[in-house]
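Inspection log for the structure reproduced underneath, given as structure tokens.
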Amino acid sequence: MTNKQTGIKVQFSGGATAGKTTNSEYVLKEVPNTVRVSFAEPIYAIVEWWETYKELFKQEEVDLSYPKFKLTDILVDFYEDFIYANKCLPKMLDLLITDYLHVDWTFKDNTFRKLMQEVGDVLREVQPTSVIDSLVRRSNKLANEGKNVVCDDARYPQEIESLSAGGFTSIRLEISKEEQLKRMKELYGEVNEERFNHPTEVALNGYTNYDYIIDATQPLEEIFRTVDTIIYKLRMTQSDKKWIYRGMKMSEEVATWATCLSRRVGAVIFNQDNIIIGTGYNGAPRGTDNSLELGFCTKRVEGEKILGRPVQSGEMNHLCHASHAEANALSQCIASNVEDATMYVTASPCYECCKDIANSVRIKIKRVIYRDGYPDQKGLVLLKNRGIKVFKYEDLMKWYKANKTPYI
């Protein structure tokens, strides 16, 4: 019997507007069987409870035992600790009745954000470990059921460290204060300095003990590509690593067959069972003289005449007589109706090859793993938009360099 694979656990942290929610929602959408856990989940439940029963607390001589019971029930349900719930209850009621009995708000306005922060403060102040332990327990239960877990609202170093100890991979979305202020003004029209400098917003400033730190000022597609690579690495089994290593070694071998003087590229396609179904290298079409036989590269010679200077990589591709490795691998594929194929290629595909990969009908390429970069990256954006994952081999296989032992 095969044991069920345990799900992965990922946490995003960062200042306001860094993109924590955006990235966790991306993971929820892109990674099957993923659920979100949140420190804010009980806070939302408490705020919703307050909206439901607030008017009763304004009235005199009203029996409030049922509303109080419901609040206790929310706390026990989330934290599984009756003693903790009873310690929280009077402090929570004191906050809500004193500061928010005659206050209205709309979702995500400054008053709402202040309320959420202060309810969270009460939960953490009473017994911080109960808040953290509860989330770790729920996450472990979900992961043991085979679900993947994402969290995007750890606010303090202790929370990051406890989640990491509980098996979470920590990802920091780094953003400067200046960029934060700019984004907040664009989103909300104004910045409440008190809320902006609240401990939940600044407690992680200067903290660096993360597994990954991503520059959150990059274009969103670049951030998503980095997140894709991290998630793929986390989900890789030892067998996956072995076959990724083999796939790239095979493409490097195929590249030695190339007949191009400029660059030798090899591509290999594996089906979902890791069986090779197609190989290709860059070279002239059958029956025509190739660069090795001619002794010169037609693109270089003709391109230099047009440009008046040497041709750079990625330029004047329309003058190239060779078919590219990726196109040859697809056209010479021996299989059909393959729904989950992986292409290994020694160089990042050009835009034309990316179009061929995206349009392939018989062979559905789900992921492309390449070794070397290519000057024009717009083809990779095309693949991404088509739902095809793109990974750089070195990013996936740093384990190999660290261990200095290939999986064979």
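Results, tabulated for the structure shown:
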| item | result |
| --- | --- |
| The range 180-207: number of residues that are closer than 15 Å to Gly14 by Cα, touching a helix residue (DSSP H, G or I) at 6+ places or on another chain (Cβ under 6 Å) and open to solvent by 30 Å² or more (accessible area, probe 1.4 Å) | 1 |
| Among the candidates Glu304, Glu315, Glu326, residue that is of a type in the set (D, E, K, R) and at pLDDT 90 or above | Glu326 |
| Residue within the range 329-342 that is touching a strand residue (DSSP E or B) at 6+ places or on another chain (Cβ under 9 Å), surrounded by 14 or more Cβ atoms within 10 Å (Cβ to Cβ) and charged (D, E, K, R) present | no |
| 2 or more residues closer than 21 Å to Leu56 by Cα and open to solvent by 60 Å² or more (accessible area, probe 1.4 Å): qualifying helices (runs of 4 or more DSSP H) within the range 76-165 | 82-100 |
| The lone exception for Gly308 - which of (1) in contact (Cβ under 8 Å) with a residue 24 or more places away in the chain; (2) exposed (fewer than 13 other Cβ atoms within 10 Å of the Cβ) it fails | (1) |
| Single match in Leu330, Leu319, Leu292, Leu307 (criterion: farther than 21 Å from Glu252 by Cα and in contact with a Ser or Thr (Cβ under 7 Å, 6 or more places away or on another chain)) | Leu319 |
| Among the candidates Arg362, Arg286, residue that is in contact with a helix residue (DSSP H, G or I) (Cβ under 9 Å, 6 or more places away or on another chain) and open to solvent by 30 Å² or more (accessible area, probe 1.4 Å) | Arg362 |
| Residue within the range 129-150 that is over 30 Å from Asp215 (Cβ atoms), of a type in the set (D, E, K, R) and touching a strand residue (DSSP E or B) at 6+ places or on another chain (Cβ under 9 Å) present | yes |
| Residues satisfying the stated conditions in the range 45-75, i.e. of a type in the set (A, V, I, L, M, F, W, C), open to solvent by 20 Å² or more (accessible area, probe 1.4 Å) and part of a helix (DSSP H, G or I) | Ala45, Leu56, Phe57, Phe69, Ile74 |
| Sole exception among (1) more than 11 Å from the chain's Cα centre (by Cα); (2) under 19 Å from Asp152 (Cβ atoms) for Leu181, by number | (2) |
| Hey, Leu28 assigned to a helix (DSSP H, G or I), closer than 30 Å to Thr226 by Cα and either open to solvent by 60 Å² or more (accessible area, probe 1.4 Å) or not acidic (Asp, Glu) (or both) or not | yes |
| Only one of Gln117, Gln158 that is more than 24 Å from Arg225 (Cβ to Cβ) and touching a Pro at 6+ places or on another chain (Cβ under 8 Å) | Gln158 |
| Qualifying residue in the range 265-284 (condition: more than 39 Å from the chain's Cα centre (by Cα) and not in a strand (DSSP E or B)) | yes |
| Residue in the range 290-305 that is nearest to the chain's Cα centre (by Cα), counting only those that are assigned to a loop (DSSP other than H, G, I, E, B) and surrounded by 14 or more Cβ atoms within 10 Å (Cβ to Cβ) | Cys297 |
| Which listed residue, of Lys114, Lys108, Lys147, is more than 30 Å from Pro90 (Cα to Cα) and out of contact with any Cys (no Cβ under 6 Å at 6 or more places or on another chain) | Lys147 |
| Residue in the range 311-322 that is surrounded by the fewest Cβ atoms within 10 Å (Cβ to Cβ), counting only those that are in a loop (DSSP other than H, G, I, E, B) and of a type in the set (A, V, I, L, M, F, W, C) | Met316 |
| Lone unmet requirement of (1) over 26 Å from Pro42 (Cα atoms); (2) open to solvent by less than 30 Å² (accessible area, probe 1.4 Å) for Tyr210 | (1) |
| Some residue of the range 113-135 being closer than 27 Å to Pro32 by Cβ and in contact with a Gly (Cβ under 9 Å, 6 or more places away or on another chain) | yes |
| Number of the condition not met by Ile223 [criteria: (1) in a loop (DSSP other than H, G, I, E, B); (2) surrounded by 16 or more Cβ atoms within 10 Å (Cβ to Cβ)] | (1) |
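A quick yes/no check of all residues on (1) touching a Phe, Trp or Tyr at 6+ places or on another chain (Cβ under 7 Å); (2) touching a residue at least 40 places away in the same chain (Cβ under 8 Å); (3) not in a loop (DSSP other than H, G, I, E, B):
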residue	(1), (2), (3)
Leu187	no, yes, yes
Ile214	no, yes, yes
Thr229	yes, yes, yes
Gly247	yes, yes, yes
Thr259	no, yes, no
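The values are calculated or read from the model by the stated rules, or taken from the named source; none is laboratory data. These figures come from a predicted structure and were not determined experimentally. Using ideal geometry, Cβ is built from the backbone for each residue, glycine included, and neighbour counts are taken over all protein chains shown. Quick note on the areas: whole protein, heavy atoms, side chains included, nothing else; ligands and nucleic acids left out. Shrake-Rupley method; radii C 1.70, N 1.55, O 1.52, S 1.80 Å.
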